[in-house]
1. Select from the range 61-96 the residues that are in a helix (DSSP H, G or I) and among the aliphatic types (A, V, I, L, M) and write down the one among them that is farthest from the chain's Cα centre (by Cα).
2. Taking L197 as meeting all but one of (1) aliphatic (A, V, I, L, M); (2) buried (at least 21 other Cβ atoms within 10 Å of the Cβ); (3) more than 30 Å from A6 (Cα to Cα), write down the number of the exception.
3. If I ask for residues that are under 18 Å from E225 (Cα atoms) and either in contact with a helix residue (DSSP H, G or I) (Cβ under 6 Å, 6 or more places away or on another chain) or part of a loop (DSSP other than H, G, I, E, B) (or both), which ones from the range 143-158 would you list?
4. Looking only at the range 24-57, how many residues end up being without any contact (Cβ under 8 Å) to a residue 60 or more places away in the chain and of a type in the set (K, R)?
5. For the range 38-51, give me each residue that is outside any helix (DSSP H, G or I) and farther than 10 Å from G13 by Cα.
Amino acid sequence: MELKDARILITGGSSGIGLETAKRLIEKGASVVISGRDKIKLETAAEQIGAIGILADVSKEQDVIHLVGSTIERLGGLDVLINNAGFGYFELLQDINTDKFKAVLETNVVGAMLCGRECAKHFISKKHGHIINIASTSALKGHQMGTAYSTSKWALRGMTECWREELRQYNIRVMMIHPSEVQTDFVANSGRPKRDLNATKLEAQDVAHLIIAMLELRDVGFIPEATIWSTNPR
C-alpha cells in the first residue's frame, strides 16, 4: 500500500514500538491516531511526533467503540489498524495471581478483539483495509513464568488466523508480527527490574521497520506472519 496519506490507528502508541512506528509512518506522510491509557503521556507523545492522541483503555468496550469512531471521524476514514496495546505479567504457575492473569487477557486478547471488531466493520464497508497484530515469540513457544503472557499471545495468534480467513474476501490484509525481546519499557512495566540498553538486542525501531515493510508491499499480496530476532544477542 501507499503510506502517503494513509489513515492509521495504533493502539498502545504512547511509547515503545507503537510510538516509534507512529513516528516513522508520519514521516512517510501518513495521518496517525495513537491511543493509550495515560493522558499526560499520550498527549506528550502525540505532540512530540505530530499524531492525534485519543485516550482509551482497550479492555473497555465503550472506550474502543469511541476510539475507533473518533478516529474515523477525525481522519476522514481509516485504512490501517495496528493492534499493539498489551503488557506482560510473569510468574511461576504455583504463584499466579488470578486478577493479574485476567488483566493480561482483558487487554492483550479482549482488547485486541474489540479493536479488530470495530475496525473490521469499517473495512468491510469499504472492502479494503489492513490489520497488523503485534504478538510475540511467546506465541510460538512457551517458557518459564510465561503462563499469562504466552497464553494471551497464543490466543491473539489464533484470532489473527480466524480474521484472515474471514476478511480476505473483503480485500482486508490481516498480518501478524512476533518480536523477540525488544528493549522498551515492557520489562519494567511488567514489574521486573529495568535492564541496561544492549546494543546487540532489538529496539523499537527494528520492529517499526518490519511493520512498515509489510504494509508497503503491494496490496495484491501480503505477509501473513513474520518473526524478528536479534542476530547474535549477548
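1. Filtering the range 61-96 for residues that are in a helix (DSSP H, G or I) and among the aliphatic types (A, V, I, L, M), the one farthest from the chain's Cα centre (by Cα) comes out as L93.
2. L197 satisfies every listed condition except (2).
3. Those that are under 18 Å from E225 (Cα atoms) and either in contact with a helix residue (DSSP H, G or I) (Cβ under 6 Å, 6 or more places away or on another chain) or part of a loop (DSSP other than H, G, I, E, B) (or both): S150, S152, K153, W154, A155, L156, R157.
4. The number of residues fulfilling the criteria is 3.
5. D38, G50
One line per residue, one yes/no per condition, for (1) surrounded by fewer than 15 Cβ atoms within 10 Å (Cβ to Cβ); (2) modelled with pLDDT under 95; (3) closer than 21 Å to I212 by Cα:
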residue	(1), (2), (3)
I134	no, no, yes
A139	no, no, no
T147	no, no, no
T151	no, no, no
G158	yes, no, no
E165	yes, no, no
M175	no, no, yes
D185	yes, yes, no
A188	yes, yes, no
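The values are calculated or read from the model by the stated rules, or taken from the named source; none is laboratory data. It should be emphasised that the depicted structure is a prediction, and the values quoted were computed from it without experimental measurement. Glycine gets a Cβ as well: all are built from the backbone with ideal geometry, and neighbour counts include every protein chain shown.
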